[in-house]
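The values are calculated or read from the model by the stated rules, or taken from the named source; none is laboratory data. Because the structure is predicted, anything quoted here is derived from the model rather than measured. Ideal geometry is used to build each Cβ from the backbone, glycine not excepted, and the neighbour counts take in all protein chains shown. Surface areas here come from the heavy atoms of the whole protein model, side chains and all, with no ligands, DNA or RNA. Shrake-Rupley method; radii C 1.70, N 1.55, O 1.52, S 1.80 Å.
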Amino acid sequence: KCNDNGKCALVCPTNAITPAKANENLDPEAGSKFEIKDQPDSVKDYAQGNDKKTIRAQAAPIAGGDVWSGVWVIIEYSNGKIAPVSWELLGEGRKLADAIGCGLCGVIAGNQVDSVIPEAFAHGAEKVYVIDDPILQDYRTEPYAEAITNVVKKYQPEIILMGATSMGRDVFPAIATRLQTGLTADCTVLGIDPETKLLQQTRPAFGGNIMATILCRTSRPQMATVRPRVMAMPERVEGRVGEIIREEIAFEESDFHTKVLEFINMDAKSAFLDKAEIIVAVGLGLAAKRNLVIAEELAEVLGATIAGTRGAVEAGWLNHDQQVGQSGVTVRPKVYIAIGISGAIQHLVGMETSDFIIAINNDPEAAILKVANYGIVGDLFQVVPAMTAEFKKRLQ
Ligand code: FAD
């Protein structure tokens with residue numbers, strides 16, 4: 001519906017839209033108004049098949065000659081709870097900071113957040129930036145994005161990480177847009193290129209068929225989100241201390257359009273799938289919803305949480321928040337029991353870092369058996385009830 005009058009840019013709350021007319025690179029004569037006439041050199045390099053080294057050597061300087069340094073982790077604190085992925089990212093951030101040779105800092109935004117500060121140090125932050133204000137009592141996109149963006153602009157970290165939680169998925173794109181930089185969502189691997197010191201952000205792409213490593217070469221900071229439980233939890237060192245830097249906010253309540261009226265909690269059973277220690281997961285091999293009882297009986301004996309594949313969710317056997325995988329939840333339990341699951345890549349990316357995987361499948365070629373610590377080739381209708389009976393005997 002855009003008629004090029006710029007109205008869409010005016011109403012976009014995150015200033016993410018640039019009208020075509022305002023951009024010299026856009027060719028109004030081309031078939032699409034948004035076709036780019038002059039490709040940046042890096043794109044031409046790729047198109048012409050130049051090797052990686054050439055592209056690296058031509059990496060553009062960062063705008064304005066600014067010095068961007070340090071690895072930051074945004075520590076998610078909401079409704080009095082810290083998202084544990086924040087600590088996982090401090091653990092991962094430590095490795096990145098060591099590879100670059102820079103510092104590791106945490107950022108805490110919220111209201112009355114002092115109790116979080118020692119935890120940030122205990123999990124590895126050397127410095128913590130604190131933005132503590134009643135306006136940040138309840139999470140809202142605009143004030144959080146504004147507060148974090150301002151601190152990032154002031155101190156210019158090279159890399160910022162956040163959990164791919166509901167909050168991270170919401171606020172990080174808004175921050176990236178304000179900073180006019182790139183963001184890779186849902187990374188499964190992070191690393192530092194030893195030559196260029198760029199952040200290598202790896203994530204599944206094209207429906208999980210390839211793993212793409214994405215670089216943010218010409219703008220800063222480099223931003224990435226990582227799902228909970230993808231990275232290992234670092235060791236917590238009680239009593240570790242560091243520097244605290246308190247930042248004031250430069251806005252008022254009247255600057256924002258939204259207000260939190262009420263919080264309605266989700267069904268606790270499925271909301272904590274990513275924290276479950278034992279998971280019994282089902283796939284289409286179960287054949288019908290009525291057979292779910294076989295898995296539920298096993299879960300009952302083990303004190304496990306029920307989850308499943310997208311197939312099981314689409315069949316209406318489970319809710320969407322019980323889906324494990326690329327378009328569901330990433331889990332990292334101590335034990336993952338996969339019943340009648342083929343092991344499609346989109347499922348594997350959500351569970352393959354589980355500590356111990358047991359898979360039951362009647363197809364000896366099923367991909368799930370390749371990632372399993374114990375693979376049981378057999379009919380689930382015989383194997384699972386036998387397992388339940390045996391566990392019952394041993395655990396009583
Ligand atoms: P199937 O692939 O049909 O496997 C059933 C298995 O049960 C088979 O291996 C079969 O040998 C076995 N079996 C059958 N009968 C028995 C028996 N009696 N005893 C023992 N074993 C038996 N999938 C996810 O799970 N999570 C995601 O987040 C996800 N996201 C996706 C995103 C995209 C963009 C796309 C394209 C797909 C996504 N998928 C996802 C779907 C994924 O590709 C697979 O289709 C899905 O995981 C298959 O589910 P399944 O293993 O239950 O079913």
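Among the conditions (1) more than 8 Å from the ligand (Cβ to nearest atom); (2) surrounded by 22 or more Cβ atoms within 10 Å (Cβ to Cβ), the only one that Gly285 does not satisfy is (1).
Just one of the numbered conditions (1) at pLDDT 95 or above; (2) within 12 Å of the ligand (Cβ to nearest atom); (3) open to solvent by 40 Å² or more (accessible area, probe 1.4 Å) is not true of Ile345: (1). Just to be sure before I move on: is Gly350 within 14 Å of the ligand (Cβ to nearest atom) and buried (at least 19 other Cβ atoms within 10 Å of the Cβ) in the structure I sent? Yes. Please verify whether region 291-300 includes one or more residues that are within 12 Å of the ligand (Cβ to nearest atom) and either open to solvent by 60 Å² or more (accessible area, probe 1.4 Å) or of a type in the set (S, T, N, Q) (or both). Scanning region 291-300 turns up at least one residue that is within 12 Å of the ligand (Cβ to nearest atom) and either open to solvent by 60 Å² or more (accessible area, probe 1.4 Å) or of a type in the set (S, T, N, Q) (or both).
Restricted to region 371-384, and to residues there that are away from the ligand (no atom under 12 Å from the Cβ) and open to solvent by 50 Å² or more (accessible area, probe 1.4 Å), the residue that is nearest to Leu292 (Cα to Cα) is Tyr374.
Residues in region 146-189 that are in contact with a Ser or Thr (Cβ under 9 Å, 6 or more places away or on another chain), among the small types (Gly, Ala, Ser) and surrounded by 23 or more Cβ atoms within 10 Å (Cβ to Cβ): Gly163, Gly168.
Do you know which of the residues in region 308-324 that are within 9 Å of the ligand (Cβ to nearest atom) and surrounded by fewer than 24 Cβ atoms within 10 Å (Cβ to Cβ) is nearest to the chain's Cα centre (by Cα)? This residue is Arg310.
Output the residues belonging to region 120-141 that are more than 28 Å from Thr202 (Cα to Cα) and either touching a His at 6+ places or on another chain (Cβ under 8 Å) or open to solvent by 10 Å² or more (accessible area, probe 1.4 Å) (or both). Residues satisfying the conditions are Asp132, Asp133, Pro134, Ile135, Gln137, Asp138, Tyr139, Arg140.
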